[in-house]
Amino acid sequence: MSFADLTAALKEISETWSPFDFMLAAKHVDLFLLGLRNTILLLVGSLCLASLLAIPLAAVRAARTPIFNTCVLAYTYLFRGTPLLVQVYMLYYGAAQFAFVRDSFLWTVLREPWWCAFICMILCSGAYITEVFRGAIEAVPRGEIEAAKACGMSEAKLFRRITLPNAFRSALPAYANEVIFSAHATVIASTITIVDILGAAKHFNNKYYLAFDGFIIAAGLYMLIVYAITRGFRFWEGKWHRHLSRVHA
Amino acid sequence: MEAVLQFSPFLLAGLKVTIALSLVSIMVAVLLGLLGAWAKLSGSRRTRRIAELYTTLVRGVPDLVLMLLLYFGGQMALNRIGNATGLWDYVELDAFTAGFLAIGFIFGSYMTETFRGAFLAIPRGQIEAGIAIGMSGFVLFQRIIWPQLVRYALPSFTNIWLSLMKTTALVSVMGLEDLVYNGYAAGKTTHQPFTFMFVVLIAYLVMTAVSDVGLRWLDRRYSAHLQRA
């Protein structure tokens with residue numbers, strides 16, 4: 001069998017038997033890679049900033065600082081109680097309604113779909129992560145905090161050395177869950193014209209008048225991302241929770 | 001503000017679609033969840049495998065992708081099967097049906113975990129006692145398992161319901177005229193997208209708050225015997 005025969009046979013399989021036309025998709029690897037890059041950039045960037053935002057907010061929530069606590073609660077309630085899609089639409093389509101936004105420096109940021117998606121992802125993931133961290137901070141054993149106080153640690157040192165490490169450790173499984181949900185949430189970016197994985201799939205479908213082939217590829221790529229996150233966190237938990245696991249001889 | 005009042009019947013029609021879609025989806029999800037939990041707990045290795053594949057798939061693929069896949073791919077698959085077997089003619093999956101099937105499918109997998117955990121939380125002795133008295137499978141389910149399943153599953157059911165309602169917003173991307181779709185359309189017509197999206201946002205917030213309060217009340221009722229007098 002010659003090479004030409006082989007390609008013809010592969011093409012035949014690709015067009016009739018395979019659930020999606022992989023020969024055609026192979027020609028557009030760069031499109032899907034661009035989508036993958038954008039999705040990962042959006043996910044990693046927003047998660048880093050959201051986690052940084054969540055640490056002080058969670059501390060405020062856990063300490064029940066009078067007025068601030070109510071403000072943070074209002075923030076998390078608002079962002080956790082409404083769909084991310086509506087938040088993104090409100091910022092991306094809504095901001096243009098106001099003349100003062102259009103005339104100010106804000107407009108250079110808010111007219112870009114990328115920044116709108118980024119800002120909404122940070123705020124939305126930040127709200128969820130705040131509540132995860134709050135639960136973890138509240139679960140720090142009282143005895144450890146009392147011991148630290150008895151040693152004469154200042155509030156700041158106590159928070160840095162006792163509360164945070166302990167809370168991070170116990171928050172890890174719930175945090176991993178949040179990361180996976182954030183990965184799912186990034187698809188919203190494709191609704192405001194960003195070429196993320198789903199956006200790439202849509203471009204692919206539109207170009208060849210396909211009904212769903214691109215979506216299968218997208219599903220596969222997302223599964224890969226989620227699998228990588230799961231494995232990564234399992235490794236991380238293995239490191240941080242080593243003292244909790246049973247000793248194997 | 002005047003524009004919102006003017007468009008309020010339009011928005012209310014969308015709200016109705018959103019609520020109907022949520023209710024139908026949660027029913028599908030509960031059914032799939034019970035089925036999945038049964039499959040995961042059953043002795044047969046094959047059913048367990050299938051249930052595990054189901055939950056892994058849903059955890060791996062974002063909701064919107066699954067929805068689009070089902071909307072466009074499901075219709076083609078249905079018609080191919082119909083063609084091959086001759087059982088049905090050309091069918092068209094409308095956005096509402098595809099929406100509730102997809103959302104039910106997605107949240108059914110979360111329900112599976114919920115019901116599995118709740119079932120495992122029921123003390124074994126009670127089920128054994130029921131069997132010893134001679135209860136049939138159905139009576140055992142109705143009198144012993146279901147009431148306790150509800151109690152153990154309610155907190156996580158509440159969370160699932162709240163995120164399910166928010167997920168229904170995604171059907172607007174498939175063109176179903178729900179609250180978000182109508183709000184967006186009204187905003188575009190009146191050149192006040194912010195105002196209308198804000199109204200939609202508040203509507204979702206109210207829906208979440210009401211369900212939160214209602215389900216917490218239900219939770220208190222089902223665990224009334226555990227509270228101190």
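The values are calculated or read from the model by the stated rules, or taken from the named source; none is laboratory data. Computed from a prediction, not measured in an experiment: that's the story for all the values here. Reconstructed Cβ throughout: ideal geometry from the backbone, glycine too, with neighbour counts over all protein chains shown.
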Legend entry - Every residue from region B:111-141 that is among the hydroxyl-bearing types (Ser, Thr, Tyr) and surrounded by fewer than 21 Cβ atoms within 10 Å (Cβ to Cβ): B:Ser136
Inset, instruction - Return the only residue of A:Val88, A:Val109, A:Val72 being out of contact with any Cys (no Cβ under 9 Å at 6 or more places or on another chain) and part of a helix (DSSP H, G or I). - result: A:Val72
Inset, instruction - Mind listing just one residue for me: the one in region B:71-84 that is more than 9 Å from chain A (Cβ to nearest Cβ) and among the aliphatic types (A, V, I, L, M) and, of those, farthest from B:Leu21 (Cα to Cα)? - result: B:Ala84
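In region A:198-233, which residues are basic (Lys, Arg) and either under 24 Å from A:Phe181 (Cα atoms) or within 10 Å of chain B (Cβ to nearest Cβ) (or both)? Give the derivation first.
Residues of region A:198-233 basic (Lys, Arg): A:202, A:207, A:231.
A:Lys202, A:Arg231, listed by residue number.
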Inset, instruction - Mind telling me which of the residues B:Leu179, B:Leu162 ends up being within 14 Å of chain A (Cβ to nearest Cβ), out of contact with any strand residue (DSSP E or B) (no Cβ under 9 Å at 6 or more places or on another chain) and crowded, with 23+ Cβ neighbours inside 10 Å? - result: B:Leu179
Legend entry - Output for region A:23-81, where each listed residue is among the polar types (S, T, N, Q), within 18 Å of the chain's Cα centre (by Cα) and under 25 Å from A:Leu164 (Cβ atoms): A:Ser46, A:Ser51, A:Thr76
Inset, instruction - Return the pairs, sorted by first residue and then second, in which the second residue is crowded, with 17+ Cβ neighbours inside 10 Å and at pLDDT 90 or above, the first residue lies in region B:38-63 and is more than 14 Å from every other protein chain (Cβ to nearest Cβ) and closer than 16 Å to A:Ile225 by Cα, the beta carbons are less than 8 Å apart, and the residues are 6+ apart or on different chains. - result: none
Legend entry - Output for region A:91-106, where each listed residue is in a helix (DSSP H, G or I) and either on the phi > 0 side of the Ramachandran plot or within 14 Å of chain B (Cβ to nearest Cβ) (or both): A:Leu91, A:Tyr92, A:Ala95, A:Ala96, A:Gln97, A:Ala99, A:Phe100, A:Val101, A:Arg102, A:Leu106
Inset, instruction - Can you tell me which residue within region B:1-50, out of those that are among the charged types (D, E, K, R) and more than 15 Å from B:Thr168 (Cα to Cα), is surrounded by the most Cβ atoms within 10 Å (Cβ to Cβ)? - result: B:Lys40
Inset, instruction - Take region A:180-194 and flag every residue that is more than 9 Å from every other protein chain (Cβ to nearest Cβ) and surrounded by 21 or more Cβ atoms within 10 Å (Cβ to Cβ). - result: A:Ser182, A:Ala189, A:Ile194
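Take A:Ile119 and decide whether it is touching a residue at least 24 places away in the same chain (Cβ under 8 Å), part of a helix (DSSP H, G or I) and within 30 Å of A:Arg169 (Cα to Cα). Steps first, answer last, please.
Values: touching a residue at least 24 places away in the same chain (Cβ under 8 Å): yes; part of a helix (DSSP H, G or I): yes; within 30 Å of A:Arg169 (Cα to Cα): yes.
For A:Ile119, the condition - touching a residue at least 24 places away in the same chain (Cβ under 8 Å), part of a helix (DSSP H, G or I) and within 30 Å of A:Arg169 (Cα to Cα) - is met.
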Inset, instruction - Show the residue pairs that are 6+ apart or on different chains and have beta-carbon atoms under 8 Å apart, the first residue being within region A:86-115 and closer than 28 Å to B:Leu15 by Cα, the second being at pLDDT below 85 and not hydrophobic (A, V, I, L, M, F, W, C). - result: A:Ala96/A:Arg102
Inset, instruction - Among the residues of region A:137-183, count how many are of a type outside the set (A, V, I, L, M, F, W, C), free of Cβ contacts under 8 Å to residues at least 24 places away in the same chain and over 29 Å from A:Ile119 (Cα atoms). - result: 10
Legend entry - Search result, residues across region B:194-229 that are farther than 29 Å from B:Thr97 by Cβ, within 11 Å of another protein chain (Cβ to nearest Cβ) and buried (at least 16 other Cβ atoms within 10 Å of the Cβ): B:Phe194, B:Thr195, B:Phe198
Inset, instruction - Give me a count of the residues in region B:85-109 that are of a type outside the set (Asp, Glu), within 14 Å of chain A (Cβ to nearest Cβ) and more than 25 Å from B:Val30 (Cβ to Cβ). - result: 0
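Is it fair to say A:Arg80 is charged (D, E, K, R), under 25 Å from B:Leu162 (Cβ atoms) and either surrounded by 13 or more Cβ atoms within 10 Å (Cβ to Cβ) or out of contact with any Leu (no Cβ under 7 Å at 6 or more places or on another chain) (or both)? Spell out the reasoning first.
Values: charged (D, E, K, R): yes; under 25 Å from B:Leu162 (Cβ atoms): yes; either surrounded by 13 or more Cβ atoms within 10 Å (Cβ to Cβ) or out of contact with any Leu (no Cβ under 7 Å at 6 or more places or on another chain) (or both): yes.
Spelling it out, A:Arg80 is indeed charged (D, E, K, R), under 25 Å from B:Leu162 (Cβ atoms) and either surrounded by 13 or more Cβ atoms within 10 Å (Cβ to Cβ) or out of contact with any Leu (no Cβ under 7 Å at 6 or more places or on another chain) (or both).
Determine whether A:Ala58 is touching a residue at least 60 places away in the same chain (Cβ under 8 Å), in contact with a Gly (Cβ under 6 Å, 6 or more places away or on another chain), surrounded by 15 or more Cβ atoms within 10 Å (Cβ to Cβ) and not in a loop (DSSP other than H, G, I, E, B).
Details: touching a residue at least 60 places away in the same chain (Cβ under 8 Å): yes; in contact with a Gly (Cβ under 6 Å, 6 or more places away or on another chain): no; surrounded by 15 or more Cβ atoms within 10 Å (Cβ to Cβ): yes; not in a loop (DSSP other than H, G, I, E, B): yes.
Answer is no for this residue.
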Inset, instruction - Tell me, yes or no, whether region A:125-142 has at least one residue that is away from every other protein chain (no Cβ under 14 Å), closer than 30 Å to B:Arg59 by Cβ, more than 19 Å from the chain's Cα centre (by Cα) and not in a helix (DSSP H, G or I). - result: yes
